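Each remark here refers to the structure printed beneath this line.
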Amino acid sequence: MVDKGPIRVLLVDDQPLLRMGFRLILEGEDDLRIVGEASNGAEAVRHVRELAPDVVLMDVRMPVLDGIEATRAIAASGSAAKIIILTTFDLDEYAFAGLRAGASAFLLKDVAPAELIGAVRVVASGDAVVAPRVTQRLLETYVRGAGAGGQPAASPARPAKDPLLEDLTPRENEMLGALAEGLSNAEIAHRYFLSEATVKTHVRRILTKLHLRDRVQAVVYAYETGLVVPSNADY
């Protein structure tokens, strides 16, 4: 197995003290390396291009360019960097907007140090969505046709089926449904009596066929195309 070296992390927040706190936590780990800091979204976009980080910790509300637009620009650039949106509340319309823009996960700003470290590692590996059940709850709250202020619309129309779905095999459709539940590769493998290597192959093919960046984008896609119906319409 090739050693890819430490996970390269870019810190993006307009509050120096918060960046310092995250730096102190992450730099204590041998497999994590802070490669740069940015105080606004425009700097973040530039640093991603120049420093090629593996993971970006991205604040939402910043001057010059906010975290959502910065995330959208980074995703559109074709960068392989995984973005974690930092929010104040778990059911936050900004977190939802960040996921739609191309972020791989979101975390609360008061996250425990161990959870922050674990999240960076998980997102860098591409193996799972951070806090999948919370991500699912967020999507169920906001994906039903966001109205004014990001609030769910009362009765959204069911979206038309995406023609790209016709390219998926029956097994891949099953895998997509499992991804939408927030299941890890190991959990999917156990459910369908497959090896994790086979599951990874299926997931990679699904992302390629649907032109998606990563697993969490597959979850968002499944909700937005109506493949997954929110479990509680009054949530």
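Express in nm, to one decimal, how much length is gained between Thr88 and Leu164 on full extension, taking 0.36 nm for each residue of separation and deducting their alpha carbon distance.
Values: separation 76, 0.36 × 76 = 27.36 nm, distance 3.54 nm.
Result: 23.8 nm gained on full extension.
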- Estimated vicinal HN-Hα couplings, Hz - the stretch 192-201 in sequence order (Karplus 6.51, -1.76, 1.60; Gly, Pro = x): 9, 6, 10, 7, 5, 4, 5, 4, 4, 5
- Task: Taking H placed 1.01 Å from N in the peptide plane, check which residues at least 5 places from Met62 or on another chain put their amide H under 5 Å from its amide H.
- Result: Gly67
- Query: Hey, which aspartates and glutamates would be in cross-link range of Lys4, C-alpha to C-alpha under 17 Å, not counting anything within fewer than 8 residues on its own chain?
  - Reply: Glu29, Asp30, Asp31, Asp54, Asp127
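Where a number appears in this text, it was derived from the coordinates with a stated rule and is not lab data. Predicted model, so just to flag it, every value in this text is computed and none were measured.
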